[in-house]
There are 2 protein chains.
Amino acid sequence: MKSVVVLSGGLDSTTILYGEKRIAEEVFAISFNYGQRHKKELDMAKATCEKLGVSHKIIDLSCIKELVSNSCLTSDIEVPEGNYADENMKSTVVPNRNMIMASIAIAYAINIGADEVVLGVHSGDHAIYPDCRPEFIEALQKVAEVCDYKKIIVRAPFLYNDKGQIIEKGLEWVVDYSLTWTCYKGLDKPCGKCGSCRERAEAFENNGVIDPLLCD
Amino acid sequence: MKSVVVLSGGLDSTTILYGEKRIAEEVFAISFNYGQRHKKELDMAKATCEKLGVSHKIIDLSCIKELVSNSCLTSDIEVPEGNYADENMKSTVVPNRNMIMASIAIAYAINIGADEVVLGVHSGDHAIYPDCRPEFIEALQKVAEVCDYKKIIVRAPFLYNDKGQIIEKGLEWVVDYSLTWTCYKGLDKPCGKCGSCRERAEAFENNGVIDPLLCD
């Protein structure tokens, strides 16, 4: 089996990359620069691929910036603080982002003769991002079956898992979480205040470990 | 109704743009530069939008060039000549192109509050391009219904029409076909030999009219 992993450089997709390395014959990673506020996640994605010896493509989608507008892409809106479940986190949504990334990852898979595209969607995002809901993933799986003559399988192994469960699995797989980035701000250390930071901290706490990014 | 038309600058999507102008309250066009061999189609798309007073975005996707390889994108493979139905026309396929373009058009539609995305897929492409088949369009329609909280409608009005029927409709709508480009080569005039040129010529002939691009 030949597998393409959509790798953001966050902890969910990085854990998936480690998981695929265990089961697939060949693994290829693809990341997207869609004009994020900072590139720390992409730097982490690159570092993880170098560590694991995985081929890594970074696709420049910054051109879509002019089509969308929200706090992930522009620096004139303040990053919301608080828990992820808050209404204000909706401002971090890039419309249809998962479909865009999946469609390009599928094109890549077709081109290199890969069998599947693996996404890091998880249950914590269902309520906030419409393109993280199970019904979206199911519809995406169906379109991937007919977009080429050979079926491409789309998998989201953590679709029904939360971040705590993902880290639990990642600790078993010895994922190097020091090479992942979650904070919406691109400082040297995570800000510790934004919704992403708080969710990440809670997930590590639930596993009784300290986030390596917070160690000196 | 607010409508986003994926406009290549070829005759199918240009005809659709004229059709949407007749029925939608607001029409927005979106075109893609995916590193095509030449940009004549995009120039034509721009000219048509200027003529019709339609807002037009051109999205630069040339970054996907490194993921795919075929005669549309690279100039080191010779453009196949002959009829479209020929096996050799398969070398002009960009994998999963329609899903990539549709996903970005959907993102644009979500952002501007549009109701639908309209594609120029037609029956003549079913046999050659897997992502032009009715089963693909149906699957795409379903994913567009769940990728955001509001359903986006995907329409392909010419899905079961051939180029001759499209031109028949376009002549009724007074489409300016001198502002469309079909030839795979980017010369001053259509080459008249490639599969695209031959198919276009036949479609005009079937309507008893002369292609304005061939008039002096």
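Brief remarks follow.
- Flag if A:Asp12 is under 12 Å from A:Leu119 (Cβ atoms), touching a residue at least 12 places away in the same chain (Cβ under 8 Å) and under 14 Å from the mean Cα position of the chain (by Cα): yes
- B:Gly120 under 17 Å from the mean Cα position of the chain (by Cα), buried (at least 21 other Cβ atoms within 10 Å of the Cβ), at pLDDT below 95 and among the small types (Gly, Ala, Ser): no
- Of all residues making up segment B:43-79, the number that are buried (at least 18 other Cβ atoms within 10 Å of the Cβ), outside any helix (DSSP H, G or I) and modelled with pLDDT under 85: 5
- Check on A:Asn88, part of a loop (DSSP other than H, G, I, E, B), out of contact with any Phe, Trp or Tyr (no Cβ under 8 Å at 6 or more places or on another chain) and modelled with pLDDT under 85: no
- Beta carbons closer than 6 Å, at least 6 apart along the sequence or on distinct chains, pair a first residue in segment B:39-68 that is among the hydroxyl-bearing types (Ser, Thr, Tyr) with a second that is in a helix (DSSP H, G or I) and at pLDDT 95 or above for B:Thr48/B:Thr14; B:Thr48/B:Leu179.
- Checklist (1) touching a Pro at 6+ places or on another chain (Cβ under 7 Å); (2) of a type outside the set (Val, Ile, Thr); (3) closer than 28 Å to B:Lys39 by Cβ applied to B:Pro130, failing item: (1)
- Considering residues of segment B:7-28 that are under 16 Å from B:Gly53 (Cβ atoms) and either in contact with a Gly (Cβ under 7 Å, 6 or more places away or on another chain) or among the acidic types (Asp, Glu) (or both) only, the residue surrounded by the most Cβ atoms within 10 Å (Cβ to Cβ): B:Glu20
Every residue, every condition in (1) under 13 Å from the mean Cα position of the chain (by Cα); (2) assigned to a loop (DSSP other than H, G, I, E, B), yes or no:
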{"residue": "B:Lys150", "(1), (2)": "no, yes"}
{"residue": "B:Leu159", "(1), (2)": "yes, yes"}
{"residue": "B:Ile166", "(1), (2)": "yes, no"}
{"residue": "B:Thr182", "(1), (2)": "yes, yes"}
{"residue": "B:Cys191", "(1), (2)": "no, yes"}
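- When each of A:Lys163, A:Lys189 is tested for being of a type in the set (Lys, Arg) and surrounded by fewer than 17 Cβ atoms within 10 Å (Cβ to Cβ), the lone residue that passes is A:Lys189.
- Looking only at segment B:104-117, and only at residues there that are assigned to a helix (DSSP H, G or I) and among the aliphatic types (A, V, I, L, M), the one that is surrounded by the fewest Cβ atoms within 10 Å (Cβ to Cβ): B:Ile112
- Pairs where the first residue, in segment A:139-155, is within 9 Å of another protein chain (Cβ to nearest Cβ) and in contact (Cβ under 8 Å) with a residue 60 or more places away in the chain and the second is assigned to a helix (DSSP H, G or I) and of a type outside the set (A, V, I, L, M), C-beta under 7 Å, 6+ apart: none
- Segment B:1-42, residues that are of a type in the set (Gly, Ala, Ser) and assigned to a loop (DSSP other than H, G, I, E, B): B:Ser8, B:Gly9, B:Gly10, B:Ala24, B:Gly35
The values are calculated or read from the model by the stated rules, or taken from the named source; none is laboratory data. Computed from a predicted model, the values in this text were never measured in an experiment. Neighbour counts are summed over all protein chains in view; Cβ atoms, including those assigned to glycine, are modelled from backbone coordinates with ideal geometry.
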